[in-house]
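What follows is a set of notes on a single structure, which appears directly below.
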Amino acid sequence: MIAYALRSLAQAVVVTLAVALIAFTMFRFVGDPVASMMGQEASLADRAELAERLGLNQPVHVQFARYLRDIAQGNFGISYRQGRPVADLLAERLPATVELAVLSAAFALVAGVALGVYTAIRRTGLLANFVMSFSLIGVSLPTFLIGIGLIYVFAVELRWLPSFGRGEVVKFGWWSTGLLTESGRKSLVMPAMTLAFYQLTLIMRLVRAEMLEAMRTDYIKFARARGIPERSIWFRHALRNTMIPVTTIAGLQLGSVIAFAIVTESVFQWPGLGSLFVQAVEFVDIPVMAAYLMFVALVFVLVNLIVDLLYFVLDPRLRAGTLAAARP
Amino acid sequence: MAVETTNLPAPPSRGALRAALSRVLRSDLVYSFTRSKLTMLAGLVSLILIGASVAAPLIAPHSPYDLSTISLLDSHTPPAWIQGGESRFLLGTDDQGRDLFSIILYGTRASIFIGVCSVLVALAIGVTLGLVAGYFGGRIDMVLMRIADVQLTFPAILTALLVDGVARVLLGTHKTGGGESWILILSIGLSYWVPYARTVRSSTLVERNKEYVQAARIIGLSSRAIMFRHVLPNVTGPVFVLATINLALAILTEATLSFLGVGLPPSEPSLGTLINIGNKFLFAGEWWIVIFPSITLAALVLTVNLVGDWLRDALNPKLR
């Protein structure tokens with residue numbers, strides 16, 4: 001297990017370094033950092049001084065090492081557009097995105113597993129069929145259309161929910177939360193639904209397929225023969241065995257959560273990292289783009305590590321080490 | 001039209017033509033197509049959409065590029081069947097006074113064009129790299145596949161946004177004319193090459209050990225000739241199925257980028273930019289600017305997806 005964990009860790013480090021290299025290349029070679037930071041009127045001496053201070057005259061590998069050191073210390077440079085440290089911008093926007101992503105992921109997981117089990121058990125039921133066809137829409141409709149649809153129904157026609165922003169937030173140090181005020185909670189509903197929809201349908205379809213497969217196996221028949229109640233067979237015997245692929249997919253899906261968060265945040269003008277990034281692309285604010293890239297890579301690497309280690313919790317065979325070859 | 005056929009080589013005889021036609025009609029592919037009503041419907045709708053968008057200059061009552069026919073006085077007109085609507089604007093007009101029906105046609109055209117081109121770009125990159133990785137193996141293979149792994153960790157939208165931002169710096173931000181669509185095509189193409197590369201690589205790994213490749217090597221053909229003229233035809237099948245499915249994805253990505261405001265400029269009609277514009281007027285009760293492009297986009301993506309799924313299942317020998 002330790003060798004396995006170490007290998008996952010090594011892989012994580014390689015990915016992070018590769019992304020850091022891309023971020024550095026963007027930061028250093030796309031556009032001219034000095035011109036972007038000083039504007040048109042700066043004198044030649046000022047320019048040379050800034051180039052010296054940024055270390056732009058040193059060999060490239062020294063610059064890269066310096067860039068890595070800066071990132072490790074949380075220094076992502078200064079936004080060209082806003083003239084503020086990128087790290088501050090990220091810290092300001094982080095709580096909004098984390099709240100949105102965690103809530104929608106939790107909702108998608110719980111509802112997805114529940115609906116997946118339901119549609120697998122009541123395969124021919126009317127409601128199950130309805131849910132299945134509805135999920136087809138979730139898989140194929142673009143996120144922003146779902147968001148616009150929700151806005152039209154719940155904000156324009158019914159006027160139940162606000163269509164943009166985070167509502168009132170409460171601050172705890174640098175963290176801000178919208179969960180403690182009514183307007184904050186109301187504002188969260190539609191973005192979280194939009195973000196959760198795709199994952200929900202995906203998890204649901206996966207759980208259903210895996211459940212159907214598990215229900216056909218011998219150990220389920222045997223459990224029935226032993227007179228174990230159906231409910232217990234569903235949740236304690238069959239569902240348990242669907243959890244490994246579901247965890248893998250849910251982990252891999254994190255990438256798309258981040259992607260859809262970019263879109264969702266733009267639709268609902270949610271003041272999170274995704275909308276910050278879209279603005280950065282629009283105004284070609286390279287330091288913000290590079291920092292966001294690093295942030296996504298770190299999150300992704302972390303989640304992958306956690307998923308890798310979760311296998312050991314979910315699958316006792318791996319812990320025993322008897323089935324080393326059966327590693328997922 | 002009929003006049004042009006004179007220059008073609010002698011047409012095949014009626015009998016041969018009929019035989020060929022009946023062979024096509026009796027193939028497994030057509031059989032499975034006619035078995036599924038949903039697929040037939042999807043095929044029909046996607047054909048209508050693609051056909052209408054290709055013929056947009058012929059069908060559309062107004063040209064969005066002909067500024068003399070556009071008047072701001074006509075802007076925000078509701079659809080024809082609603083109070084205040086005009087019969088010359090069937091689906092109403094947008095905020096610039098453009099006929100919505102016409103710009104949806106032109107927008108669908110732009111979306112399909114960009115979708116197809118970016119799939120071709122992704123296909124070219126992916127197939128080439130996959131062939132090289134699979135054929136040579138060793139270190140080249142390892143490096144290319146590691147790059148693919150790292151890229152796959154990032155959502156395609158993110159890659160496309162990054163490439164788009166970087167390309168706009170390198171090419172100058174204020175490109176006019178077709179500049180934006182080529183940047184879009186490039187950025188979407190660069191985001192989706194990995195699946196093609198992986199598919200081609202894995203089938204190349206099988207093919208390269210076969211006898212015909214060894215024979216080609218023995219007669220002294222260059223690696224490039226073997227890869228592209230001998231191996232390539234044998235590994236393209238699954239790739240084209242993948243391309244069909246990814247076409248829907250590429251169209252969606254274009255729409256998303258344009259919706260986010262980093263794709264095509266608002267003056268250039270595409271489904272994404274139209275939805276972006278319409279979204280701003282949703283609260284003013286002008287639902288038609290956003291609803292009609294949205295329906296078109298959803299229908300396009302859904303039907304192309306369904307056709308792609310059918311193609312995948314129909315050509316997959318394991319499912320027969």
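In contact (Cβ under 8 Å) with a residue 60 or more places away in the chain and either away from chain A (no Cβ under 14 Å) or open to solvent by 60 Å² or more (accessible area, probe 1.4 Å) (or both) - does that describe any residue in segment B:143-155?
no
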Could you tell me whether any residue of segment B:5-14 is modelled with pLDDT of 65 or more, out of contact with any Phe, Trp or Tyr (no Cβ under 6 Å at 6 or more places or on another chain) and closer than 30 Å to B:LEU315 by Cα? yes
Residue set A:GLY149, A:GLY125, A:GLY178; condition open to solvent by less than 50 Å² (accessible area, probe 1.4 Å) and at pLDDT 80 or above; output residue A:GLY149
Expected output for segment B:266-277 (first residue under 16 Å from B:ALA299 (Cβ atoms), partner outside any helix (DSSP H, G or I), Cβ below 6 Å, 6+ apart or cross-chain) is B:SER270/B:LEU264; B:GLY272/B:GLY263
Answer yes or no: is there a residue in segment A:213-223 that is surrounded by 15 or more Cβ atoms within 10 Å (Cβ to Cβ), touching a residue at least 40 places away in the same chain (Cβ under 8 Å), in a helix (DSSP H, G or I) and of a type in the set (Val, Ile, Thr). no
Restricting segment A:152-175 to residues that are on the phi > 0 side of the Ramachandran plot and free of Cβ contacts under 8 Å to residues at least 12 places away in the same chain, the one least open to solvent (accessible area, probe 1.4 Å) turns out to be A:GLY173
Flagged in segment A:221-245 as of a type in the set (Val, Ile, Thr), modelled with pLDDT of 80 or more and in contact with a helix residue (DSSP H, G or I) (Cβ under 6 Å, 6 or more places away or on another chain), in numbering order, are A:ILE233, A:THR242
For A:GLN63, the lone unmet condition from (1) modelled with pLDDT of 75 or more; (2) open to solvent by 30 Å² or more (accessible area, probe 1.4 Å); (3) of a type in the set (S, T, N, Q) is (2)
Point to revise | Any chance B:LEU123 is modelled with pLDDT under 75, part of a helix (DSSP H, G or I) and either over 22 Å from B:ALA255 (Cβ atoms) or open to solvent by 10 Å² or more (accessible area, probe 1.4 Å) (or both) | key: no
Picking from B:LEU302, B:LEU282, the residue that is surrounded by fewer than 21 Cβ atoms within 10 Å (Cβ to Cβ), within 9 Å of another protein chain (Cβ to nearest Cβ) and in a loop (DSSP other than H, G, I, E, B) would be B:LEU282
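The values are calculated or read from the model by the stated rules, or taken from the named source; none is laboratory data. Treat the numbers as computed from the prediction; the structure is a model and nothing was measured. Note that each Cβ is placed from the backbone with ideal geometry, even for glycine, and that neighbours are counted across all protein chains shown. These accessible areas exclude ligands, DNA and RNA; they are computed on the full protein's heavy atoms, side chains included. Shrake-Rupley method; radii C 1.70, N 1.55, O 1.52, S 1.80 Å.
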